[in-house]
Amino acid sequence: MAEPARIDRFYGGDISDPPFPDTATIPGLLARNARQWPDRVAMREKDLGIWHEYTWSDYLNETLAFAAGIEALGFGNGDAMLTLGDPRPQIYFGMLGSGLVGGFPAPVFPDATPREIAYVYRECGARFALAEDQEQVDKLLDMREETGGVETIIYKDPRGLALYEEPGLVDYREVRRAGMKRLEEEEGLRESLVERPVCDDPVIFLHSSGTTGQPKGMFMRHKQLLAGTLSAYAAETFKMYEETMAYVPIAWIGDFAFTITAGISLCFTVNIPERQETLLHDMREIPPTYFGGPPRVWENMLTTVQVRMEESTVLKRRLYNYFISLAMGIQRAKGKGIVPSLRQRLLLRLGEWTILGPIKDNLGLSRAQRVFTGGEAVGENVFLFFRALGINFKQLYGLSESSAAGAIMENNDVRYHTVGKPLPGVEIKITEEGEICIRGDNVFTGYYDNPEATAEAIRDGWLHSGDAGYFEEDGHLVVLGRSAEVVHTASGERYVPNFVENQLKFDSFIKDAAVLGSGRDYLTAMICIDLDAVGHWSEVHGIPYTSYADLSQKPDVCKLIQEAIKKVNALLPPSLQIRRFVNLHKEFDPDDGELTRTRKLRRKVIEERYQPVIETLYSDRDAVEFEAQITYEAGDTGIIKRTLAIYEVA
């Protein structure tokens, strides 16, 4: 996999006309919004089928009330607030409110186990926690039994908690009432709370993904997050007064960087769906003008469309296949600089009216003007599909350590295989070893209580991303994968497993893949099928199955995956083509420690756990009997035993 000649460094240019000063803080900008646009809607939440609105004045008052309330409970300078749950207005009020009194939120992924919560607790020493509901409270109580930590647990939803007698449980409404009383009685408290934070103060405690070990904690500060917002604003990633959706986990940098920091500083209206499962339905009711998400979100949307079209009438299927092929072909030609003919443009107009427009509306993207994907590479078919719908779909590159800011595609210069050019205010260079490095005001200052990791990450003012990549001649950045994962076959052929895995996952029938071959004569793969897509395909083709494990081993399904791998092999040099593969009888699961909470492979865990399968892939045997441990939602573990077939790829 030879690389084109690299250009050492690109700079995204200067930022002009910033909408807020360098010394701004996020609470200060919230107070600005409440002064200038007190009655403008800042946030909506759908609850029991009804949208509830919060104005900028409400947003500020609720945040101040929570801050005053927790300060009365003893929360103060240097205190951490463990935060668990899905995006909710009260969660956001609590996260911001904890910073007003000198503390900081330490969000945890909503599906984290008590053991994972305990890891974050031990790192930040939290005495307080803010939990969405009974499920999250139960996990905190289990963690408390093990560690003795977290004295006070504030819960937003009281359902199911009325009979709990554990000490330290406090209803969110009580904190709010106590805070409101203080704000009414203590003169100057409102102004004091807003003015306490300064731009150098930490505003949130986040963690790296932890693909190669335990996640590393880091403080992100007001000035870093706001610098990242300014860079993205200057590149027209988003504009003032956007309408957007808050649905990604609160522990992901994307939520705090875009929903809170950009949302407040650029006066967005943030809409919160009732549940994750109702996102598409709720987006149809209030279509966003700006929407972003990781590749998995877009892949699921595309799969939903494909499944629905398969279940549609013959006429609708034919119209869909014709017009989507036409539109994707036009987008592919545009990437090569080819202008569509008059006939193609007229047919495209007809397609937009009859098929493409209704699909865009059904996905809740009828008003979307700025749409992006980030976190991992997105497949060509997914990318072209959303561009074909007439959506300004682009790729964004950034890290938690860089406030989610790095590079993005320009509106009139879009190529699916790159992540665009550096954002204004951001410098990016490629080292001699091929590692991507970032420099700018958006970059963090180091990992918490981890000088060794900090020294490794920040050298001479540059953040070493750990990602391998290169620049094309005109400054477009191409990301290959983690540089630490660059390995060699037995013959010395260099490759990046993550790059090949992403190519495999671009196929709608493959949910996850682990590519093997370091020090071996050839490459092999362990495949996790996508249950929804393969299950629907099996139903259409009359193939009965009883479970994921049963479906994965059906000969016809294995042939389906075999064809998908052949397509990927056609993109690879002969020495790096996948020779053998196995469909696993279970998905890779964060609860089993095989994936991070952001769904990145923990390669070392997988290679150790599936060692018997790997050895069989590199033998002359055509099957292996394997036991896999699984973790259920309640935390109990079990064993799935199955004979797994090994298949050759011609």
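A few comments on the model shown:
- From ALA72, ALA126, residue being farther than 28 Å from GLU274 by Cα, surrounded by fewer than 19 Cβ atoms within 10 Å (Cβ to Cβ) and touching a residue at least 40 places away in the same chain (Cβ under 8 Å): ALA72
- Test result for ASP133, touching a residue at least 40 places away in the same chain (Cβ under 8 Å) and not hydroxyl-bearing (Ser, Thr, Tyr): yes
- Of everything listed in (1) assigned to a strand (DSSP E or B); (2) closer than 26 Å to ILE272 by Cα, the single unmet condition for THR229 is (1).
- If you filter the stretch 129-138 down to residues that are buried (at least 23 other Cβ atoms within 10 Å of the Cβ) and not polar (S, T, N, Q), you find that the one that is farthest from VAL175 (Cα to Cα) is VAL137.
- Checked against (1) among the polar types (S, T, N, Q); (2) in a helix (DSSP H, G or I); (3) within 24 Å of LEU161 (Cβ to Cβ), THR83 passes all but condition (2).
- Against the numbered list (1) in a helix (DSSP H, G or I); (2) crowded, with 21+ Cβ neighbours inside 10 Å, LYS223 comes up short only at (2).
- Of residues in the stretch 268-297 being surrounded by fewer than 21 Cβ atoms within 10 Å (Cβ to Cβ), under 17 Å from TRP252 (Cβ atoms) and among the hydrophobic types (A, V, I, L, M, F, W, C), the one modelled with the lowest pLDDT: VAL297
- Residue in the stretch 252-263 that is assigned by TED's automatic domain parsing to the domain that holds ASP86, surrounded by fewer than 23 Cβ atoms within 10 Å (Cβ to Cβ), on the phi < 0 side of the Ramachandran plot and not in a helix (DSSP H, G or I) present: yes
- Total residues in the stretch 238-250, condition in a loop (DSSP other than H, G, I, E, B) and either buried (at least 24 other Cβ atoms within 10 Å of the Cβ) or among the charged types (D, E, K, R) (or both): 4
- Top-ranked residue of the stretch 29-46 - restricted to ones that are of a type in the set (Lys, Arg) and more than 25 Å from the chain's Cα centre (by Cα), ranked as nearest to HIS222 (Cα to Cα): ARG32
- Evaluation of THR152 against the conditions (1) out of contact with any strand residue (DSSP E or B) (no Cβ under 7 Å at 6 or more places or on another chain); (2) buried (at least 19 other Cβ atoms within 10 Å of the Cβ); (3) among the polar types (S, T, N, Q) shows that the sole unmet condition is (1).
- Checking each residue in the stretch 564-611 for being in contact with a Leu (Cβ under 8 Å, 6 or more places away or on another chain) and of a type in the set (A, V, I, L, M, F, W, C) picks out ALA564, ILE565, VAL568, LEU576, ILE578, PHE581, VAL582, LEU584, PHE588, LEU595, LEU601.
- Qualifying residue in the stretch 156-170 (condition: in a strand (DSSP E or B), modelled with pLDDT of 95 or more and either surrounded by fewer than 19 Cβ atoms within 10 Å (Cβ to Cβ) or not assigned by TED's automatic domain parsing to the domain that holds ALA106 (or both)): yes
- The set of residues from the stretch 383-419 being within 19 Å of LYS239 (Cβ to Cβ) and of a type in the set (Val, Ile, Thr) comprises ILE391, ILE408, VAL414.
- Checklist (1) in contact with a helix residue (DSSP H, G or I) (Cβ under 7 Å, 6 or more places away or on another chain); (2) within 14 Å of PHE10 (Cβ to Cβ) applied to ASP413, failing item: (1)
- A count restricted to the stretch 139-155 and to residues that are in a loop (DSSP other than H, G, I, E, B) and either in contact with a helix residue (DSSP H, G or I) (Cβ under 7 Å, 6 or more places away or on another chain) or not assigned by TED's automatic domain parsing to the domain that holds GLY125 (or both) stands at 2.
- Among the residues of the stretch 191-216, those identified as surrounded by fewer than 19 Cβ atoms within 10 Å (Cβ to Cβ) and assigned to a helix (DSSP H, G or I) are GLU191, SER192, GLU195.
- Which listed residue is at pLDDT below 80 and touching a Leu at 6+ places or on another chain (Cβ under 9 Å), from ALA628, ALA650: ALA628
- Residues that are within 17 Å of ALA262 (Cβ to Cβ), out of contact with any helix residue (DSSP H, G or I) (no Cβ under 8 Å at 6 or more places or on another chain) and outside any loop (DSSP other than H, G, I, E, B), drawn from the stretch 19-35: ARG32
- Test: GLU485 is in contact (Cβ under 8 Å) with a residue 60 or more places away in the chain, in contact with a helix residue (DSSP H, G or I) (Cβ under 8 Å, 6 or more places away or on another chain) and not polar (S, T, N, Q): yes
- Candidates are the residues of the stretch 90-109 that are in contact with a Gly (Cβ under 6 Å, 6 or more places away or on another chain) and assigned to a loop (DSSP other than H, G, I, E, B); the one that is surrounded by the most Cβ atoms within 10 Å (Cβ to Cβ) is VAL101.
- Filter pass, ALA490 being within 24 Å of THR616 (Cα to Cα) and in a strand (DSSP E or B): no
- Residue that is surrounded by the fewest Cβ atoms within 10 Å (Cβ to Cβ) [pool: residues in the stretch 440-476 that are assigned to a loop (DSSP other than H, G, I, E, B) and charged (D, E, K, R)]: ASP460
- Per the conditions (1) touching a strand residue (DSSP E or B) at 6+ places or on another chain (Cβ under 7 Å); (2) under 25 Å from GLY375 (Cα atoms), the sole criterion not satisfied by ARG599 is (1).
The values are calculated or read from the model by the stated rules, or taken from the named source; none is laboratory data. Every value quoted in this text rests on a predicted model; they were computed, and no experiment measured them. Backbone-built Cβ (ideal geometry, glycine too); neighbour counts: all protein chains shown.
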